[in-house]
Amino acid sequence: MKANHTLLGTEEVPIISLADIGVSFGAVKALTDVKLTIMPGECLGVVGHNGAGKSTLVNVINGRLSPTQGDVCYNGEARTADSRNAQLARNAGIRSVFQELSLCPNLTVLENMRIPYRNMPLRSWRSNAASKVRNALDTIFPGNGIDPYCLVGDLPIAERQMVEIAIAFSRRDIDARLVILDEPTSSLDGAIADQLLNYIKQFCAEGGSIIFISHMLGEIFNVATRIVVMKDGCILTNDDANLFTRDSLVDAMGHVVAVDVVESQQHTAFGDEVLRMENGLHARQGEVVGLAGLAGHGQAEALARCFLERSSDWRTTREPKVVFVAGDRSRDGVMPLWSIMRNLSLQTLVEFSRSLLVDRKAETTLAQEWHRKIAIKTDNLDDSILSLSGGNQQKVLFSRALASSAPIVVMDDPMRGVDVGTKKEVYRMIREEVVKGRTFLWYSTETDEILQCDRVFVFRDGEVAAELSGDAINEENMLRASFDMQEVAQ
Amino acid sequence: MKSDYLRILLPVMSLTALLAAVFYMQPRTMSYFGLNLLFNLAVPVALATIAQMMILMVNDIDLSIGTFVSFCACVTATFVQSDPLVGYSILLAAILVYAGMGAVIHARGLPAIVVTLGMSFFWAGMAVLVLPSPGGSAPDWLRAIMTTKTPFVPVAIIAPIVIGLCMHYVVKRSSLGVLLRGVGGNEQAIERSGWSVLGLKAIAYGIAGLFGVLAGMALVGLATSADANIALRYTLLSIAGVILGGGEFTGGRVSPIGAVIGALTLTLAASFLSFLHLSSDWQIGAQGAILIAVLALRLVFTRREGLA
């Protein structure tokens, strides 16, 4: 499957071409029918909301993920996708800078240079690595004062990111031809980010290619020659950057789903303010407050702070102030060895017991009551929690929290991997509880869940970027707030 | 590099302080013979500490090093002495078992603490099989090396310095050392660059096994005979030594020179307590108290560093 791509008459070989790539994890389709060709000298801006498939696409390109269907060609050589893709990608000069830092904090800057440089000559490699990393740093970020002999762990986060970028562009046995930058400027300040953007332009002018993923639309417009818009694992638009305007880009990212609006606006009388945090997040009694924005922009931290401030106490009380619904079930949700009933009653053991001992009778009653109420699909509550499907496990976690009398419920993206039916039931449950005067803090990466909220705080770079309420809660406003619309400081 | 120097400062200071106290109480130890006596048992401890350091470096912990050193000592005192070819093959096989253990721990995602705890019973059993009752004898060459009279500075001082510098070169300066420490620092980064973490872990464990063997041999060279329980204390001593020397349990932050100094400090602490005429019943407790004091001091330092 040879990709024939000619550019203005010059026969150039694409660095990589993807033909009808599909990636699925079990039943979940992460990418479908992705076609993408990257020519030397191109800077490709990739935008898309959470779960649009950006990271999966990156991992296919750098060979860490083998597509379940379709073909990947490096340098125009047709190869069937297999597990050696990572090596092929390396040999083609494809390098990545990942969103979460991938340096070793216990090593010095030059030692970190050693790790991706696989065939480094052994003779006096230290001075060799030091000068290479020094060169790269000086080329991209002129005037930086980073010492290659400094431990990475001692550097501030911005300098770590600079080091990581410099290492990705550094000269090695195989020079960089395509560098994938995933949110490279997330911890750089404006001036440094500008240096990087200028270098990217220079790099592309010299025939290199860049894949630039960012939530800063200003930066995308600044450097990208072509923009790819992704949504739900598909490439929606793939066009010349000049053809987009900010508004058309935002429009392209979000196709408004017709959600059957649950009778959510019926309840508008909120009580007193029950919660206010330093960053401006606040909630009133009987309100569903949504935390939106791109994943990893400080929502989970805000939730954790809110929860821990109200629950970290030496003693467990019978009147908890706040309960937590986990989204990452295996990490902070289910007890995998326990039965459904034990998992369900965990939160309320202290609340419902009269003495130091567990009140088994109350536990059983509680479990049966919730079993009926939210229809957990099981015949026997004594079965292992793992015998349930993901959605039903999540229901158990919901009932664990809702059974408690706590006035505030904190939810950390609780619908990950939950089917639509369960979602609807949970929306209904939340509405019922709100009427009883409970307050919900709901972090979600999915727009249709956020649309269920009474008020929404959009997070960007760890701070509240916008507060929306009423009719202002719509996908467009959220996208506008999550993507930085500011022009990059010139 | 600055924080690295700070890190090594505390172990150096605690060793100096302890040494000064010993010299003050027993001025006669300030001699060639005295220093040799004070430190000669530190050589096998230092070797075992280096072995432990290799494992801690890759974010694991080895609870079997004590019984492993005992086993190696038993093999040295019996097979290596009587039937060298068989003896050395057994020791080589033991190193390979160590490397294999590292590979299995990584490949199956097992907790190292459990695997090595299990292996410690294996080595203890093997040691008893090899040498059911205390005895055996040291090969002559080994005995000769361990008791050489070097000019000016005794072997007991030279050996730890040589061990420390060699391992400093391997762990801190060489390219392999960078990768090994990288496994401890950020395993994912190593894997993403296409290195085999499995192989690197096996290498780290293999080097640990090698140093365990060396520790066993050095111990027999000093004690001239062996016993299946000869080095049981080494498990905890080696962990304490690494930590005392500025190492950390996680994150690949270790220092070979620090580890050797930690081992010397721990051995010296025992002598110091005997000079205090402290009953041997209390010595282990007092040793622990010294350890806690040094670690508490370090916490104060690192806190300050973190705030600065």
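Below, the figures for the structure above:
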quantity	calculated
Residue match in the stretch B:32-46 (condition: in a helix (DSSP H, G or I), touching a residue at least 12 places away in the same chain (Cβ under 8 Å), within 14 Å of another protein chain (Cβ to nearest Cβ) and surrounded by 15 or more Cβ atoms within 10 Å (Cβ to Cβ))	no
Pair list, Cβ < 8 Å and 6+ apart or interchain, from the stretch A:182-202 residues that are at positive phi to residues that are part of a loop (DSSP other than H, G, I, E, B)	A:E183/A:Q99; A:E183/A:S214; A:E183/A:H215
Single condition B:S271 does not satisfy, out of (1) in contact with a helix residue (DSSP H, G or I) (Cβ under 7 Å, 6 or more places away or on another chain); (2) surrounded by fewer than 22 Cβ atoms within 10 Å (Cβ to Cβ); (3) of a type outside the set (F, W, Y); (4) within 14 Å of chain A (Cβ to nearest Cβ)	(4)
The stretch A:48-78 - residue that is of a type in the set (S, T, N, Q) and touching a helix residue (DSSP H, G or I) at 6+ places or on another chain (Cβ under 7 Å) and, of those, nearest to A:V229 (Cα to Cα)	A:N62
Within the stretch B:115-160, tally of residues that are assigned to a helix (DSSP H, G or I), exposed (fewer than 14 other Cβ atoms within 10 Å of the Cβ) and of a type in the set (A, V, I, L, M)	2
Top-ranked residue of the stretch A:139-161 - restricted to ones that are more than 22 Å from B:G252 (Cα to Cα) and part of a helix (DSSP H, G or I), ranked as modelled with the lowest pLDDT	A:A158
In the stretch A:20-57, the residues that are surrounded by fewer than 21 Cβ atoms within 10 Å (Cβ to Cβ), touching a Ser or Thr at 6+ places or on another chain (Cβ under 7 Å) and among the β-branched types (V, I, T)	A:T37
Filter pass, A:E159 being touching a His at 6+ places or on another chain (Cβ under 8 Å) and under 25 Å from A:N222 (Cβ atoms)	no
Condition met for B:I90 (closer than 16 Å to B:L214 by Cα and without any contact (Cβ under 8 Å) to a residue 60 or more places away in the chain)	yes
Matching entry among B:L264, B:L273, B:L268 (being touching a Phe, Trp or Tyr at 6+ places or on another chain (Cβ under 7 Å) and either in contact (Cβ under 8 Å) with a residue 24 or more places away in the chain or in a helix (DSSP H, G or I) (or both))	B:L264
Lone qualifier among A:P156, A:P105, A:P116 - being closer than 19 Å to B:L176 by Cβ and either surrounded by fewer than 22 Cβ atoms within 10 Å (Cβ to Cβ) or within 11 Å of chain B (Cβ to nearest Cβ) (or both)	A:P116
Residue under evaluation B:V86, criteria (1) closer than 24 Å to B:G125 by Cβ; (2) crowded, with 19+ Cβ neighbours inside 10 Å; (3) of a type in the set (A, V, I, L, M); (4) more than 18 Å from the chain's Cα centre (by Cα), criterion not met	(2)
Matching entry among A:D175, A:D147 (being away from every other protein chain (no Cβ under 14 Å) and acidic (D, E))	A:D175
Which numbered condition B:G164 fails, given (1) modelled with pLDDT under 90; (2) closer than 26 Å to A:L110 by Cα	(1)
Considering residues of the stretch B:204-226 that are surrounded by fewer than 24 Cβ atoms within 10 Å (Cβ to Cβ) and touching a Gly at 6+ places or on another chain (Cβ under 8 Å) only, the residue farthest from the other protein chains (Cβ to nearest Cβ)	B:S225
Output for the stretch A:312-340, where each listed residue is more than 30 Å from the chain's Cα centre (by Cα) and of a type in the set (S, T, N, Q)	A:T316, A:T317, A:S339
Residue within the stretch B:228-243 that is under 27 Å from B:A103 (Cβ atoms) and among the basic types (K, R) present	no
Lone unmet requirement of (1) of a type outside the set (K, R); (2) buried (at least 21 other Cβ atoms within 10 Å of the Cβ); (3) assigned to a helix (DSSP H, G or I) for A:A86	(2)
Residue within the stretch B:93-109 that is touching a Cys at 6+ places or on another chain (Cβ under 9 Å), closer than 14 Å to B:G209 by Cβ and either part of a helix (DSSP H, G or I) or not charged (D, E, K, R) (or both) present	yes
Count - residues of the stretch A:175-232 that are among the hydrophobic types (A, V, I, L, M, F, W, C), closer than 25 Å to A:K132 by Cβ and in a helix (DSSP H, G or I)	10
Among residues of the stretch A:165-191, those that are out of contact with any Phe, Trp or Tyr (no Cβ under 6 Å at 6 or more places or on another chain), surrounded by 20 or more Cβ atoms within 10 Å (Cβ to Cβ) and at pLDDT 90 or above, counted	8
Unique match (being out of contact with any strand residue (DSSP E or B) (no Cβ under 7 Å at 6 or more places or on another chain), closer than 27 Å to B:E248 by Cα, not in a loop (DSSP other than H, G, I, E, B) and not aromatic (F, W, Y)) among A:A130, A:A136	A:A130
Options A:V409, A:V420, A:V464, A:V458; residue that is in the same structural domain as A:M277 (by TED's automatic domain parsing) and farther than 19 Å from A:E301 by Cα	A:V420
Total residues in the stretch A:89-102, condition within 10 Å of chain B (Cβ to nearest Cβ) and surrounded by fewer than 22 Cβ atoms within 10 Å (Cβ to Cβ)	5
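Yes/no per residue for (1) in contact with a strand residue (DSSP E or B) (Cβ under 8 Å, 6 or more places away or on another chain); (2) on the phi < 0 side of the Ramachandran plot; (3) assigned to a loop (DSSP other than H, G, I, E, B):
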residue	(1), (2), (3)
A:V334	no, yes, yes
A:S345	no, yes, no
A:E351	no, yes, no
A:L381	yes, yes, yes
A:N392	no, yes, no
A:V410	yes, yes, no
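The values are calculated or read from the model by the stated rules, or taken from the named source; none is laboratory data. From a predicted model like this one, the values you see are computed outputs, not experimental measurements. All Cβ positions, even for glycine, are placed from backbone atoms using ideal geometry, and neighbour counts span all protein chains on display.
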